[in-house]
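Novice: First, the structure itself, so that you have it in front of you.
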Amino acid sequence: MPSDAPSPAAHAHTHGQAAQTAVLLCNLGTPDAPTPPAVRRYLAEFLGDRRVVEIPRAVWLPILYGLILPLRSAKSAAKYATIWTPDGSPLKLWTERQAKRLQGWLGEQGHRVRVAYAMRYGTPSIASQLQALADAGATRILILSAYPQYSGTTTASVIDAVGAWARTQRHVPELRFVNRYHDDPGYIAALAHRIQRHWREHGRPEHLVLSFHGVPERTLHLGDPYHCECRKTARLLGEALNLGASQMTVSFQSRFGKAKWLEPYTEPTLQALARGGTKRVDVACPGFTSDCLETLEEIAQEGRDAFLAAGGKEFHYIPCLNDETEWIHALGGIAVRHMGGWETQRQPDAKELAAQKERAMALGAAR
Ligand SMILES: C=CC1=C(C)c2cc3[nH]c(cc4nc(cc5[nH]c(cc1n2)c(C)c5CCC(=O)O)C(CCC(=O)O)=C4C)c(C)c3C=C
Ligand SMILES: [Fe+2]
Ligand SMILES: [Fe+2]
């Protein structure tokens, strides 16, 4: 039901105030604290999303509440505790930093755009951030997901949350969605740059593993483009790095539950490389644009342990794009392209207009 409570922006809307554009950078989300109760709240929201677990509710909810939440909350909380920073969860901190730097870059380019960030699960929620932007006068909002590869489990779930908020509004802002940027040249170049910088500082590995978050294999057969988009990102990145097929492997991590997920799985891949005699392996996670539990704990800690235990000698985790300058510029380019036609460029003020006119007249006189 649309709310009839007057919003501060209502008057501006009805009286044709100039359009105001905003970008909402949406990431997955993270618990508010590395404690069992906070992780339980987060997991309940996350794993209760029917985009994420596509099992009929009547079957899934008893398993989730009877088994998964009681068992996993404490175990996950202990893992979160190993990556938590004094300022909070890395995923949220990096997303906040990206939004700030994106705002700065767009401003430098002369775009009048407000940038905010939101978390699909946990806080700040997508609904609360959209409401804040609308209340501040935003009439056009670009939804920019932190997922380069489209998946029904992630990208579409963000779209669901935006739609749910829109249903509560009488005057819905104009909305646009960036569904993917897995093959964006700026994104690929930023990844290549990140990896090459690591190699300049630490030397090169014998083998590079590109580990993407997994999804159930079934989603691929149902038409989810995620797998293809991960493969394409990896191919383009391999080309940018000039790596042959034998120097690089694509794998999928973070399997959840008993079903078959996309293969090959990351951990057995690392173990097989070690057993096959590879002494040094580097792992990068191009599908994660911010470091988080899945990269800092699952790869940089567990993955390292598995590789070394299987006989490997040297393991390097290459950090995510986070707030790398090349990445912020690429993100800015993606945003600007999708805002095309929204006239976000700042209009010249009276002084600038006068200067322009003078220059034009001087040119005319010189002719
Ligand atoms: C059925 C379960 C899951 C699917 C499908 C899934 C897809 C998916 N997830 C990401 C990105 C992230 N996932 C993260 C954590 C995480 N993922 C799942 C489960 C599924 N993910 C769980 C239960 C958790 C929580 C931790 C745990 O208990 O294991 C994170 C990290 C969040 C953080 O706080 O740091 C990210 C990022 C993608 C991109 C994706 C599909 C493409
Ligand atoms: Fe996940
Ligand atoms: Fe995990």
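A short reminder: the numbers here are calculations on the coordinates, not readings from a lab. Remember, predicted model here, so these are calculated numbers, not experimental data. Note that each Cβ is placed from the backbone with ideal geometry, even for glycine, and that neighbours are counted across all protein chains shown.
Novice: Place a +1 charge on the Cβ of each Lys and Arg in the chain and a -1 charge on the Cβ of each Asp and Glu, then give the dipole magnitude about the Cα centre in debye, rounded to the nearest 20. List each step's numbers first, then the result.
Specialist: Values: 42 positive and 36 negative charges, 47 e Å.
Rounded to the nearest 20 debye, it is 220 debye.
Novice: Arranged by the count of other C-beta atoms within 10 angstrom, fewest first, what order do R255, R359 take?
Specialist: Working: R255 18, R359 10.
Sorted ascending by nearby Cβ count, the order is R359, R255.
Novice: Please tell me the relative contact order of segment 185-318 in percent, rounded to the nearest whole number, where contacts are Cα pairs under 8 Å and at least six residues apart. Don't skip to the end; give the middle numbers.
Specialist: Working: 185 pairs, mean separation 42.5, N = 134.
Reported as a whole number, the value is 32 percent.
Novice: Taking the DSSP beta bridges in the chain as the whole, what percent of them are antiparallel, to the nearest 5?
Specialist: Values: 3 of 39 bridges.
Bridges in the chain are about 10 percent antiparallel.
Novice: Considering amide H positions built from the backbone, and no H for Pro or chain starts, which residues 5 or more places from Y121, or on another chain, come under 5 Å of its amide H?
Specialist: G29, T30
Novice: Given the DSSP H assignment, sum -39500 (n - 2.57) over each helix run of at least 4 residues in the chain and divide by its residue total; what's the result at 222 nm in deg cm²/dmol, nearest 500?
Specialist: On the way: 15 runs with 170 residues, N = 367.
My calculation for the chain gives -14000 deg cm²/dmol from helical runs alone.
Novice: For every other residue with a beta carbon closer than 14 angstrom to the beta carbon of F252, add +1 if it is Lys or Arg and -1 if Asp or Glu, then tell me the sum. Let's see the in-between values first.
Specialist: Details: positive: R218, R231, R255, K260; negative: E217, D224, E229, E263, E267, E294, E298.
So the environment of F252 carries a net charge of -3.
Novice: Which loop trypsin sites (Lys or Arg not before Pro) in segment 134-174, with loop taken from DSSP, have no more than 16 other Cβ atoms within 10 angstrom of their Cβ?
Specialist: Working: sites: R140, R167, R170; in loops: R167, R170.
Sparse-neighbourhood loop trypsin sites (Lys or Arg not before Pro): R167, R170.
Novice: Continuing with this model, one more query. Sequence gap at least 6, Cα distance under 8 Å: using those rules, report the relative contact order of the chain to the nearest whole percent.
Specialist: 21 percent
Novice: Quick one: Cα convex hull volume of segment 305-367, Å³ per residue? Present the calculation step by step, with values, prior to reporting the outcome.
Specialist: On the way: hull volume 12.2 nm³, N = 63.
Enclosed volume per residue, from the Cα hull, is 194 Å³.
Novice: Sort 32-42, 150-160 by the packing proxy (mean of other Cβ within 10 Å over each peptide's residues), most packed first.
Specialist: On the way: 32-42: 18.8, 150-160: 20.5.
Packing proxy ranking, top to bottom: 150-160, 32-42.
Novice: Let me ask something else about it. Can you give the local net charge around S145? Use residues other than it whose beta-carbon is closer than 14 angstrom to its beta-carbon, Lys and Arg +1, Asp and Glu -1. Walk me through the numbers on the way to the answer.
Specialist: Working: positive: R51, R120, R176, R180; negative: D160, D184, E229.
Overall, the nearby charge balance is +1.
Novice: Beta carbons within 10 angstrom, averaged per residue: use that to sort the peptides 316-325, 231-240, highest first. List each step's numbers first, then the result.
Specialist: Details: 316-325: 19.7, 231-240: 18.1.
Answer by packing, highest mean first, reads 316-325, 231-240.
Novice: Sticking with this structure for a sec: Distance from the Cα centre of segment 41-61 to that of segment 96-113, in angstrom?
Specialist: Here the two parts' Cα centres lie 35 Å apart.
Novice: Connecting C-alpha atoms closer than 10 Å in a GNM of the chain, tell me which of E352, E326, E217 has the biggest fluctuation.
Specialist: Most flexible of the set in this elastic network: E352.
Novice: Please state the shape class of the chain: rounded when a/c is under 1.5, otherwise prolate if a/b exceeds b/c and oblate if not, all from the C-alpha gyration tensor.
Specialist: Numbers: a/c = 2.31, a/b = 1.36, b/c = 1.70.
Oblate is the answer for the chain, as a/c is 1.5 or above yet b/c matches or exceeds a/b.
Novice: Additional query: For segment 256-335, state which trypsin sites (Lys or Arg not before Pro) are in a DSSP loop and have at most 16 other beta carbons lying within 10 Å of their beta carbon.
Specialist: Details: sites: K258, K260, R275, K279, R280, R304, K313; in loops: K258, K260, K279, K313.
Listed in order of number, the matching sites are K258, K260, K279, K313.
Novice: Right, another one. For segment 185-318, rounded, prolate or oblate, judged on the Cα gyration tensor with a ≥ b ≥ c (square roots of eigenvalues), a/c < 1.5 rounded, else prolate if a/b > b/c?
Specialist: Since a/c reaches 1.5 but b/c is at least a/b, the shape of segment 185-318 is classed as oblate.
Novice: Tell me the net charge near R101. Cut-off is 11 Å between Cβ atoms, R101 excluded, with +1 for each Lys or Arg and -1 for each Asp or Glu. Display every interim value, and only then the final one.
Specialist: Working: positive: R97, K100; negative: E96, E108, D323, E324.
Around R101, the charge tally is -2.
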